[in-house]
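One structure below.
The values are calculated or read from the model by the stated rules, or taken from the named source; none is laboratory data. Values in this document were obtained by computation on a predicted structure and should not be read as measured data. Using ideal geometry, Cβ is built from the backbone for each residue, glycine included, and neighbour counts are taken over all protein chains shown. These accessible areas exclude ligands, DNA and RNA; they are computed on the full protein's heavy atoms, side chains included. Shrake-Rupley method; radii C 1.70, N 1.55, O 1.52, S 1.80 Å.
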Amino acid sequence: MYLRLVAVGLMMLLLSGCWGNRNIDQIVYIHSIGIDYDHRQFVLYVQLINFSGLAKAEYGGGRQVAAVAIGRSAGETPEIAAHELYTSIQQMVSWGHVKSIVFTKRALKKEVVRGVIDLLTRYHEIRHTIWVYATDASLTDVFKATPLLHASSYLSMLTNPEELFRQSSFIRPLRFNRLIAISDEHSATLRIPYITLDPASWTEDTKKKKMLSLSGVCFLHDYELQQCTDREKLLGVRWTERDVIRTPIHVKEGRQTVASLVVRHPKAKWSVLSTKDGPAFQLTIQAQGSLIELRRPLSRERLAKLAAQTVKQEIQQAYEWGVNRNIDVLNVSDQLYRSNVHKWRQWEQNGIIPLKKKTIRNISVHLSLGSSGKEKLDYRAGD
């Protein structure tokens, strides 16, 4: 009898830890954070999502219309702005499911970014692996842009950038811990994915639907914004980006597109050259492509040569765009820092070495064709 009483007592003690728990529908879950800065005030936006509809869809139930709630508050510091939300939200708030943070361009200032970093790294609920973006669009509109087919915002680009990167690689998705690590490197230039709203490409239920679009890159050095620009001017950046999985090339002969290729896992290798005029580099790209589309009969050798020329032109265009704006687009300075820190200290100015058009002396691209899909290369071209 005594042993039974002891067992019952232990069970009651173990169960007592669950009495303070709350049901999922009694807590508000913040999914994304937006940071703006206006008139010396931190303006905080939060996106709330409903997990109940997502759970039903995952287990084969009917899909509910995606519901999104957006909160806005302002304060002298990020913490003051965050605390303002509690006065009107009317439910307990959980920050443990935050997946992304979006900065407006005017919020990409050293004092603003460092203030946000200080708060988020101290607060125990928020992970350091959340995704980071920049935008020039209204944060309210960004958070209202839900995925197609009434899917939950939990499945949007803000949460799953790696899915898009695997299918069409451009700029490597950026996590919060990498933002801190790269910004603290005096020689490095940070590349933040730049998102906009595409109002014209998609229609849902006979209505035009605004969709999030990865449209370019924002460059930061020492936590300060340098410039944001569209991806068309910076296609060459992807060839020096790490972990590129799959990226397309549209090959031109003259002004006409003659073929489309998909390149997988390109590799970039930098070599530092010794010159009397200052630091100089050689860049070598190794890649293998698969033919997707051929609009004109071309031999394998001719097609590979044109594709290599396209890659080289993209790299030169991106680099020269940065040189004209004193932006180290390809992180050349960081290459020198890691290979010869003494030379870097000799030439650097605020962490960046002087960039000239001849700083990269040679770009060598070795691109081979590994596959032409289900069809052979056109026999009329000699293949």
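Computed FRET efficiency, Cβ-Cβ of Glu224 and Ser299, R0 51 Å: what is it to the nearest 0.05? Mind dumping the intermediate values first?
Numbers: r = 49 Å, r/R0 = 0.97.
Once rounded, the FRET efficiency stands at 0.55.
Once you have the Cα-Cα distance between Gln316 and Ile80, take 0.36 nm times their residue separation minus that, and quote the gain in nm to one decimal.
The Gln316-Ile80 span can extend by a further 80.4 nm.
Normalised by the residues of the chain, what does the relative contact order come to in percent, with Cα pairs under 8 Å and at least six apart?
On the way: 714 pairs, mean separation 46.4, N = 383.
Relative contact order of the chain: 12 percent.
Quick check: at a probe of 1.4 Å, how many percent of the accessible area of the chain sits on carbon and sulfur atoms?
The nonpolar share, carbon plus sulfur, comes to 49 percent.
Of Leu234, Tyr223, Val262, which is farthest along the charge dipole of the range 212-265 in the positive direction, counting Lys and Arg as +1 and Asp and Glu as -1 at C-beta?
Of the options given, the answer is Val262.
Accessible area per residue for the chain in Å², computed with a 1.4 Å probe and the full protein assembly in place, what is it?
The answer is 55 Å² per residue.
Can you pull the semi-axes for the chain, root of five times each eigenvalue of the Cα gyration tensor, sorted largest first, whole Å?
With the √(5λ) rule applied to the chain, the semi-axes are 45, 29, 21 Å.
Once the piece of chain linking His265 and Gln286 is laid out straight, how much longer is it, given 0.36 nm per residue of separation minus the C-alpha distance between them?
Between His265 and Gln286, full extension yields 6.7 nm more.
Can you tell me, using C-alpha contacts under 8 Å and at least 6 residues apart, the relative contact order of the range 56-181 as a whole percent?
29 percent
Given a Förster distance of 30 Å, report the FRET efficiency between Ala181 and Asp136 from their Cβ-Cβ distance, rounded to the nearest 0.05. Kindly include the intermediate steps, with their values, before the conclusion.
Working: r = 25 Å, r/R0 = 0.85.
According to the calculation, E is roughly 0.75.
Using mean Cβ contacts within 10 Å as the protection proxy, how do 88-95, 323-330 order, highest first?
323-330, 88-95
For Cys218, Cys228, give the ranking by accessible area with the largest first, probe 1.4 Å.
Reading off the accessible areas and sorting them downward yields Cys228, Cys218.
Considering amide H positions built from the backbone, and no H for Pro or chain starts, which residues 5 or more places from Lys209, or on another chain, come under 5 Å of its amide H?
Answer set, sorted by chain and number: Trp202, Thr203, Glu204.
Per residue of the range 164-178, in order, report the coupling 6.51 cos²θ - 1.76 cosθ + 1.60 (Karplus, θ = phi - 60°) as ³J(HN,Hα) in whole Hz, putting x for Gly and Pro.
5, 5, 5, 7, 8, 7, 9, 10, 4, x, 10, 8, 4, 5, 6
Would you compute, for the Cα atoms of the range 245-383, the largest minus smallest coordinate along each principal axis and list the three values in descending order, in whole Å?
Rounded to whole Å, the extents work out to 57, 26, 25 Å.
Extension gain Glu232-His150, at 0.36 nm per residue separation less the Cα-Cα distance, in nm?
Extra length available between Glu232 and His150 comes to 26.5 nm.
How large is ³J(HN,Hα) for each residue in the range 227-238, as worked out from phi by the Karplus curve 6.51 cos²θ - 1.76 cosθ + 1.60 (θ = phi - 60°), to whole Hz, x for Gly and Pro?
5, 10, 8, 6, 5, 4, 7, 10, 4, x, 5, 5
Please list, by residue number, everything in the range 268-290 whose backbone N is under 13 Å from a paramagnetic label point 7 Å out along Cα→Cβ of Gln346.
Under 13 Å, as judged by backbone N against the label point of Gln346, lie 273-280 of the range 268-290.
Report the one residue of Thr189, Ser153, Leu330 whose Cα lies farthest in the direction of the positive end of the charge dipole of the chain (charges on C-beta: Lys and Arg +1, Asp and Glu -1; origin at the Cα centre).
Towards the positive end, the residue furthest out is Leu330.
Are any of the pairs Lys110/Lys233; Lys110/Lys356; Lys267/Lys312 more than 19 Å apart by Cα-Cα distance, and if so, which?
Violating the 19 Å limit, Cα to Cα: Lys110/Lys233; Lys110/Lys356.
Given a Förster distance of 22 Å, report the FRET efficiency between Asp205 and Ala67 from their Cβ-Cβ distance, rounded to the nearest 0.05.
0.85
Along each principal axis of its Cα atoms, how long is the range 82-155 end to end? Whole angstroms, biggest number first, please.
39, 31, 25
Of the peptides 72-83, 171-182, how do they stack up when ordered by the mean number of other Cβ atoms within 10 Å, highest first?
Packing order, densest peptide first, comes out as 171-182, 72-83.
Cβ neighbours within 10 Å, averaged per peptide: list 269-277, 128-136 in order, most packed at the top.
128-136, 269-277
Mean residue ellipticity at 222 nm from the helices of the chain, using -39,500 (n - 2.57) per DSSP H segment of n ≥ 4 over the full residue count, to the nearest 500 deg cm²/dmol?
The per-residue figure over the chain is -8500 deg cm²/dmol.
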